[in-house]
1. Do you know which of the residues in region 283-306 that are more than 16 Å from the ligand (Cβ to nearest atom), in contact (Cβ under 8 Å) with a residue 60 or more places away in the chain and part of a helix (DSSP H, G or I) is most open to solvent (accessible area, probe 1.4 Å)?
2. Let me confirm something: among T98, T73, which residue is within 14 Å of the ligand (Cβ to nearest atom) and free of Cβ contacts under 8 Å to residues at least 24 places away in the same chain?
3. Within region 53-71, is there a residue that is in contact with a strand residue (DSSP E or B) (Cβ under 6 Å, 6 or more places away or on another chain), open to solvent by 30 Å² or more (accessible area, probe 1.4 Å), in a loop (DSSP other than H, G, I, E, B) and under 30 Å from Y313 (Cβ atoms)?
4. Considering only region 312-331, how many residues are assigned to a helix (DSSP H, G or I) and either closer than 20 Å to M235 by Cβ or among the polar types (S, T, N, Q) (or both)?
5. Within region 180-235, which residues are polar (S, T, N, Q) and either free of Cβ contacts under 8 Å to residues at least 60 places away in the same chain or crowded, with 24+ Cβ neighbours inside 10 Å (or both)?
6. For region 18-40, which residues satisfy the criterion of being in a loop (DSSP other than H, G, I, E, B) and under 23 Å from the mean Cα position of the chain (by Cα)?
7. For region 186-207, does any single residue satisfy the condition of being within 11 Å of the ligand (Cβ to nearest atom), among the charged types (D, E, K, R), under 12 Å from the mean Cα position of the chain (by Cα) and under 27 Å from Y262 (Cβ atoms)?
Amino acid sequence: MRIDEDIKLDFKDVLIRPKRSTLNSRSEVDLIREYKFFRCGLTWQGIPIIAANMDHTGTFAVAKALAKHKLLTAIYKFADAKDWQALDKETLKHCFVTSGTRKEDFERLTTILKTTNTSLICLDIANGYSQHFVDFLKRTREAFPNKIIMAGNVVTGEMTEELVIAGADIVKVGIGPGSVCVTRTKTGVGYPQLSAIIECADAAHGLKGHVCADGGCVVPGDIAKAFAAGADFVMLGGMFAGHDECAGDIEEKNDRKFKRFYGMSSAEAMQKYYGEISDYRASEGRSVDIPYRGAIENTVFDILGGLRSACAYVGACSLKELSKRTTFIRVTQQLNEVYSHHEVK
Ligand code: 5GP
């Protein structure tokens, strides 16, 4: 046993220090990024925010709404192959096909990639550290040399490097930070998300790879911190949950409206997709009813407005410059919450 005494940070532990700026208005800030992926040789352009491949947020309706603003969606892995074919070209350009590492996942992935011409793949397992996952990634890279492959999740530099070497264009970073994740309480395993992003981005960028920060953002400021820490993409579950475009019906309780949201490793998800709760594996997700939030577009505007403003505060004309112009300061308090329980909505 060993103890790493270095302090590891989360979004709540830091703020971004403002810097002198020549920008006149935050509307001048450009959030579009362009990445060239050296593994597959493709170039991608858009706003690098991704709706999570959870069955509530990774829907075609969410994808259509987000694609209008050049944001991405990782479609959940159980989505019907037929629905993929019905998708319009513009939305398709903004969708990842998700796959696990089972034989049937690979077959489904192959079918979707053959019948649509999407170029984005998301290989997702809870624990990206297994050799089985690395082998699966290598096999996928061999089968699809010209696709952009995102793979994860991991939280350390050495495993980020291993995934890039094995064929990933984008390494997905985050173990335990998610809004409906209970991995840390069930297993004691995890890594504070801001430090995970900083360390994995450094490792990936050294090999010309990219990273996607996945999980733990609860306000637009956290997304700004994730990009500032070096994330090339940010994936959101909870922040995109509860909207019209998300899966599930609106429920009413005591005159208030809710939508059901649950972790993809929760008992609810296991029961739904596998018909049983496996007895060798603890459920590592929770089920929650979250307040209904209307159209997702309003949340998109809120997020993009926050990001533009963050860039303006540090004098970054574009999202690309945010990280270079960021100095994080460690803090013991983020907010003044004296009236937070009296807010008029
Ligand atoms: P959020 O943005 O809600 O904080 O985090 C979303 C991320 O949580 C997802 O992209 C995924 O990586 C992770 N996640 C989703 N469902 C589960 C689950 O059941 N258990 C765990 N450990 N993580 C989950």
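1. In this case the residue turns out to be E297.
2. Values: T98 fails: free of Cβ contacts under 8 Å to residues at least 24 places away in the same chain.
Answer to the check: T73.
3. yes
4. Residues flagged as assigned to a helix (DSSP H, G or I) and either closer than 20 Å to M235 by Cβ or among the polar types (S, T, N, Q) (or both) within region 312-331 amount to 3.
5. T185, Q193
6. Those that are in a loop (DSSP other than H, G, I, E, B) and under 23 Å from the mean Cα position of the chain (by Cα): V29, L31, I32, F37, F38, R39, C40.
7. Within region 186-207, none of the residues are within 11 Å of the ligand (Cβ to nearest atom), among the charged types (D, E, K, R), under 12 Å from the mean Cα position of the chain (by Cα) and under 27 Å from Y262 (Cβ atoms).
The values are calculated or read from the model by the stated rules, or taken from the named source; none is laboratory data. Worth saying up front: this structure is predicted, and the values here are computed from it rather than measured. Ideal geometry is used to build each Cβ from the backbone, glycine not excepted, and the neighbour counts take in all protein chains shown. What goes into the accessible areas is simple: the full protein's heavy atoms, side chains included, and nothing from ligands, DNA or RNA. Shrake-Rupley method; radii C 1.70, N 1.55, O 1.52, S 1.80 Å.
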